[in-house]
Structures are given as structure tokens and as C-alpha cells.
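Reviewing the structure listed below.
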Amino acid sequence: MVVPHHAAGARLARRRLAEELAEVVPPPLLADLVAVLAELVGNAVRHADPLPGGVVRVAWRLRGGAGGQQVQLRVTDGGAAVGPTIRAADTEAVDGRGLHIVSGLADRWGVERDGLGQSVWAEFDPADVTRSDLAVAG
């Protein structure tokens, strides 16, 4: 899907993801997916240029496995002079924690660049125990 390169784009992407995957993935995983997608779209809007047409492209893919559905999220924007990196955030800072959230919730994440711009992706493996699973179990 494409969303506007605007703060409202994150809301639209979260809503659509939640609607489409609500019956497919367990609620703790869905909560993690929604949080990570919001961070990735928010970062694209704050730190990167839009794609032509003033948009950001958002995609997700499910692949079945023995442990359940593996999910990949991907947000593509027009790129930025400096690529996404995890940075240290002071306890008083109002921002700078987004990729810490992504890193903490996703099993892995990364950045790919091509002629269109850059894509930041995050993958979730259902067979792996996540922090959300631990919180529900504990």
C-alpha cells in the first residue's frame, strides 16, 4: 500500500495492517507488528524524502512455517543523506528510541538501497520467543 509522507501515513498503515492480520497472527505478535510498522513509517516521514508523488510504500508478507506465520514488514521511502542507525538516546530526549523499539521487537531488521530509494525491513519469526510472549506467559 502507499501512504502519504505525513504523520497520518503511520496511522493509515497501522490500521490496515491490524485489520488484515487480526485473524492470521496471535494478538501479541500483532501488537509488535503494529508498533514496529508505526516506528518505521514515522522514521520515513521524519528523516527521509518521499517517493515520487509524496508517498511512502508499506508492505508486509507472511510465510507459513512449522512454528506459524513468519512476517516481514517493509517501508520504502525516497532515502536520506544518512541511513537509519540505532543511536544513543539520553533519558531526557524526546526522540531517538524508534530503532531501539524495532530492534527489541523484531527478530532482525535491516536497510536496502536501490534506484528507487531505501527500504527498511523487519522480520518476525513465530517460532522465536519474543518479549511480548514472555510478558503474556509471565
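Just so it is clear, none of the values below were taken in a lab; they were calculated from the coordinates. Since we're looking at a predicted model, the values are computed, not measured. Neighbour counts are summed over all protein chains in view; Cβ atoms, including those assigned to glycine, are modelled from backbone coordinates with ideal geometry.
Points to keep in mind about this one:
- When each of the peptides 3-14, 40-51 is scored by the mean number of other C-beta atoms lying within 10 Å of its residues, the order from highest to lowest reads 40-51, 3-14.
- Tensor-based shape of segment 1-79 (alpha-carbon gyration tensor, a/c under 1.5 rounded, otherwise prolate or oblate): prolate
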